[in-house]
Amino acid sequence: MYEADDIIDMAKLEGNKSLADHRPSARKSTSFAGSSFCSCLPNIKRRHEIAVQVRNFNIKLEKISKLGERFLKIQNMQPKEAHKVKTWQLVEPNLVGKEILHDCRKLTEMILSNYGKTSYKLGIVGTGGVGKTTLAQKLYNDHKIKGKFSKQVWICVSQVYSAIDLLKEILRNLDVQYGHDETVGELSVKITAAIQHKSFFLVLDDIWHHEVWTNLLRTPFCNATAGIVVITTRNDTVARAIGVEYMHRVDLMSPEVGWELLWKSMDTIEDTEVQNLNDIGLEIIRLCGGLPLAIKVTASVLATKDRNLNKWRKVINKSAWSMIKLPIELRGALYLSYDELPQYLKQCFLYCALYPEDYRMHRDDLVRCWIAEGFVQEQEEQLVEDTAEEYYYELLYRNLLQPDPNFLDYSRCKMHDLIRKLAQHLSGEELFCGDPQSLEVKSFTKLRRISIFLGKELLSGAHKEQTGVRTLTTTCKELKVDNTIFKRFPKIRILDLTGSIIQCIPDCIGSLIYLRLLDLDGTDIAYLPESICCLTNLQILNLERCDSLHNLPSGITKLCNLRRLGLRTTPINKVPNGIGRLSFLNDLEGFPVGGGYYDNSTRMHDGWNLEELGHLPNLRKLGMINLEKAAHGRTCSLLTEKKYLKKLYLHCTEHSNETYSREDAINIERSFMQLVPPHNLEELHIFGFFSSKYPSWLGSTTYLSSLKFMNLINCKSCVHLPPIGQLPNLKYFKINGATSVTKIGHPLVGCGVGNPVSTEVVAFPKLETLVIKNMPNWEEWTFAAPPPKMQLLPRLKKLYLECCPKLIVLPWQLGQEATRFEELQLRHVGILNLMNFSFLSEILLISGCNSLDRVSNIPQVRRLRVRHCPKLIRVEELGNLEQLWLDEGMQEVSSLWVPGLKQLRQQLHGEDLDICTWPNQDALMREHKD
């Protein structure tokens, strides 16, 4: 099939050349005499070569077809119809069973009791997928441990690791700078200095070789005053060689707990369903061997079936359970999870094995690569990128990828090392990961994908011959790339050189006719050759963070199949006419807006005219810069008809010292009025808008009915916030740097401002997270004179306020109507008191609130964290409080109210109140993420 792909690409290329040659302007004569006849010979020869390739390929295919019919009884093989993605709940193993809670409590007490030792080592051992990392994560995030140690470091140690990269990762955890060319010894000295006379808590996850500690890390960590080292490993011998003082073994799940994990992972809540399938469920748990990972992936398979005995029995009887041509740890449930994948997902899953162990993969990167490889099926009325995103989320729901919970949209993920091992094993000789210097020449015959995450050079002199490699990607920073790679990989489709050391892109890149994706993110290239216009198959060109690149080649507008052009943070100041010719373009970040209309006498300009956007119907993601330069067109519908547009980033250039004139403000208002978004927009981010009022469409339910995320950053001239309270789907709203705003009130609700009027008003009906930062002049936040029956923030979960020193009172509705309120964080806010928050249930964090003197009647909150609040003399009526964190400066003032809180906890729950100090204040402050 790789060969077929190559032939089809070559035939398309020659066909396009033929069409170009037969245009009227190109046909000057029909005569075959003289030089005209001679010029035809190369074309005839090339077409004959392609015809021979097609004939030979068809002969091979016919042989394969006959063998299949004769020996495998395969007939009329047709692809199965793609089915819609089924979504179900993502459930972690630690949500079932009491064992892990008991183990965590026991190990936490053991760690704290050995706190004073220079280096106390604890081992967590068990088979792959049993939950060692889950237990270690609970220890690492335990509030008692977080409040105890000066430095905390978590390092994933892969089976094949680089000592230098490992030390650099530790320094990144410690917030210590390092040079790219530093040696192991130099890096070790920096670690020693960073932890000297401090306490540390170090987790080394998934260790395969004891030398990681004994030869590499033991010496730099020996100068701390106190230290705990937790290792997770599958091998008892490794733990003993490291010298652990205590070894904790994570056992397989009991049948009952495994059955609970199985049905919870399927989001099954009906008691009758669970009871009816109990017996066969326990049988499945036995087949999974009590392994949590195996249980979860099996649950994902069962979730695609009807919930009845017959369907589940068919799953148990599948031959995949008894596949013997696999390493023993990959058999059974793990292979079944792959075997049950629909065909369109299998290649996408295998592709993820290209990334290193524990690597955090980005959804958008995977989507682009799958498309470039040709894995994604086209659907009617849907961009192929949207289809690929569905593939990504289906792999998440099937537990073959593990989502990063720090991202609300699950746009980052990892792959469990056992699942990754399965994908690598199934990829066979087509895939290579690691240091390319270990590649054997004989391996190149079937090799199709190379991933480099170790080493300093791309390929040695022994590998100079051409290969059939289709994908070359690197996660290894500072990799030296020789220009000869553009000749060694003639059939390359994906070339990702992110962050590598490459001096220039040679002209010969134009010969890579199969290339679909070229990623030069973070490189030092200063120009692109004009020959890049020959890459007519190119779909993705990423030039983000190329600080030395200022001009785009004039031929870039000939890349007729381009779908993404990434220019974010690259200082492009010369672009060619005609970006609107790239009609397939759907992802355009860093679009530099030009000043004025085009002058036809010149081909290059300082930016593109906004009118060019009208010729790009498939835009899905758009980011524009220098919007203050925009010429004023005659239409407000540049974006309104773009039915695929989901994400919109609008940047104005901020003046550091100069003030904006009245004319500047009017111009930017006019520019924004040309950018009325379509109703399908889901994300809107505005940076540096400097007019005194927002555009009228901002807040309108007519245009922003689908909006989920909104950011308003450094819009310093607007004195009022836009009326966004009626947006029906807004989930996240962040305001940062609105320095002219003094009051937030009822207009924010948006009633009657371009929205339907109703006597029953719900303000922010779906808003879950509200972030307000750097508002130095904000004094008042009220919803005075509301209309009848107004309900405020019914779904709010998290509220973060930071650097708002003049705000002294919060709206009473937050305490009385935000029924799902979970977390309130206040940093450097002028609040005088916090009282009567009936529904706040999880976290209250207060830091640097110098005027706050009372916290009272917050009956549901479980965790209270207080730092730098010298006037806080009353804290009372916190009946559900479990944990209290205090920084060292709060000891004296807290003595006035801590005894009362402890007594209340004892009376109501019969338990002690956990009280912790914060020696590592800066690290704890970084815990907050927007």
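The values are calculated or read from the model by the stated rules, or taken from the named source; none is laboratory data. A quick note: this is a predicted structure, and the numbers were derived from the prediction, not measured. Positions of Cβ are backbone-derived with ideal geometry, glycine not excepted, and every protein chain shown enters the neighbour counts. SASA here: full protein model, heavy atoms, side chains in, ligands and nucleic acids out. Shrake-Rupley method; radii C 1.70, N 1.55, O 1.52, S 1.80 Å.
Some points to look at:
- Members of the stretch 194-211 found to be within 26 Å of I124 (Cβ to Cβ) and part of a loop (DSSP other than H, G, I, E, B), listed by number: K198, D206, I207, W208, H209, H210
A quick yes/no check of all residues on (1) at pLDDT below 90; (2) part of a strand (DSSP E or B):
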{"residue": "E611", "(1), (2)": "yes, no"}
{"residue": "L622", "(1), (2)": "no, yes"}
{"residue": "L639", "(1), (2)": "no, no"}
{"residue": "K643", "(1), (2)": "no, no"}
{"residue": "Y660", "(1), (2)": "yes, no"}
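- Of the residues making up the stretch 197-205, none is polar (S, T, N, Q), closer than 24 Å to Y355 by Cβ and surrounded by fewer than 21 Cβ atoms within 10 Å (Cβ to Cβ).
- Top-ranked residue in the stretch 405-442 [being in contact with a strand residue (DSSP E or B) (Cβ under 8 Å, 6 or more places away or on another chain), over 18 Å from K346 (Cα atoms) and small (G, A, S); ranked as surrounded by the most Cβ atoms within 10 Å (Cβ to Cβ)]: G434
- Residue ID - surrounded by the most Cβ atoms within 10 Å (Cβ to Cβ), chosen from residues in the stretch 394-404 that are in contact with a Phe, Trp or Tyr (Cβ under 7 Å, 6 or more places away or on another chain) and in contact (Cβ under 8 Å) with a residue 60 or more places away in the chain: L400
- Being surrounded by fewer than 21 Cβ atoms within 10 Å (Cβ to Cβ) and within 19 Å of K146 (Cβ to Cβ) holds for only one residue in E802, E882, E817, and it is E882.
- When the stretch 167-188 is filtered for residues that are outside any loop (DSSP other than H, G, I, E, B) and without any contact (Cβ under 8 Å) to a residue 12 or more places away in the chain, the ones remaining, listed by number, are R172, G185, E186.
- Candidate set: the stretch 842-860, residues that are in a strand (DSSP E or B) and of a type outside the set (A, V, I, L, M, F, W, C); chosen: the one farthest from L881 (Cα to Cα): S847
- The criterion of being part of a helix (DSSP H, G or I), surrounded by fewer than 20 Cβ atoms within 10 Å (Cβ to Cβ) and in contact with a helix residue (DSSP H, G or I) (Cβ under 9 Å, 6 or more places away or on another chain) does not hold for I191.
- Criterion applied to D599, D606, D547 was being acidic (D, E) and at pLDDT 90 or above, and the one residue passing it is D547.
- Being farther than 23 Å from L107 by Cα, in contact (Cβ under 8 Å) with a residue 24 or more places away in the chain and among the basic types (K, R) is a condition met by at least one residue of the stretch 276-290.
- The stretch 359-389 - residue that is assigned to a loop (DSSP other than H, G, I, E, B) and over 21 Å from D409 (Cβ atoms) and, of those, least open to solvent (accessible area, probe 1.4 Å): F375
- Residues being within 35 Å of the chain's Cα centre (by Cα), open to solvent by 70 Å² or more (accessible area, probe 1.4 Å) and among the acidic types (D, E) - total across the stretch 235-251: 1
- Lone qualifier among T232, T272 - being surrounded by 15 or more Cβ atoms within 10 Å (Cβ to Cβ) and of a type in the set (S, T, N, Q): T232
- Among the candidates Y694, Y660, the residue that is touching a Cys at 6+ places or on another chain (Cβ under 8 Å) and more than 27 Å from E381 (Cα to Cα) is uniquely Y694.
- Every residue from the stretch 354-383 that is in contact (Cβ under 8 Å) with a residue 40 or more places away in the chain and farther than 28 Å from Y161 by Cα: I371, A372, E373, G374, Q377, Q379, L383
- Number of positions in the stretch 542-568 that are in a loop (DSSP other than H, G, I, E, B) and open to solvent by less than 30 Å² (accessible area, probe 1.4 Å): 9
- Restricting R865, R795 to those that are basic (K, R) and surrounded by fewer than 19 Cβ atoms within 10 Å (Cβ to Cβ) reduces the list to R795.
- Scanning the stretch 253-269 for residues that are of a type in the set (A, V, I, L, M, F, W, C) and surrounded by 20 or more Cβ atoms within 10 Å (Cβ to Cβ) returns M253, V257, W259, L261, L262, W263, M266.
- Complete set of residues in the stretch 691-729 that are surrounded by 22 or more Cβ atoms within 10 Å (Cβ to Cβ), of a type in the set (A, V, I, L, M, F, W, C) and not in a strand (DSSP E or B): L698, L704, L707, C715, L721, I724, L727
- Just one of the listed residues (A631, A526) is touching a Phe, Trp or Tyr at 6+ places or on another chain (Cβ under 7 Å) and either open to solvent by less than 10 Å² (accessible area, probe 1.4 Å) or more than 29 Å from K12 (Cα to Cα) (or both), and it is A631.
- Every listed requirement among (1) out of contact with any Leu (no Cβ under 8 Å at 6 or more places or on another chain); (2) under 25 Å from T127 (Cα atoms); (3) open to solvent by 20 Å² or more (accessible area, probe 1.4 Å) is met by L336 save one, (3).
- Some residue of the stretch 218-238 being within 17 Å of V160 (Cβ to Cβ), of a type in the set (S, T, N, Q) and part of a strand (DSSP E or B): yes
- Hits in the stretch 261-275 - residues which are in contact (Cβ under 8 Å) with a residue 60 or more places away in the chain and in contact with a helix residue (DSSP H, G or I) (Cβ under 9 Å, 6 or more places away or on another chain): L261, K264, S265, M266
- Yes/no for T653 being touching a helix residue (DSSP H, G or I) at 6+ places or on another chain (Cβ under 7 Å), open to solvent by 10 Å² or more (accessible area, probe 1.4 Å), outside any strand (DSSP E or B) and among the β-branched types (V, I, T): yes
- Selected residue (criterion: nearest to the chain's Cα centre (by Cα)) from residues of the stretch 466-495 that are touching a residue at least 60 places away in the same chain (Cβ under 8 Å) and within 26 Å of I8 (Cα to Cα): T473
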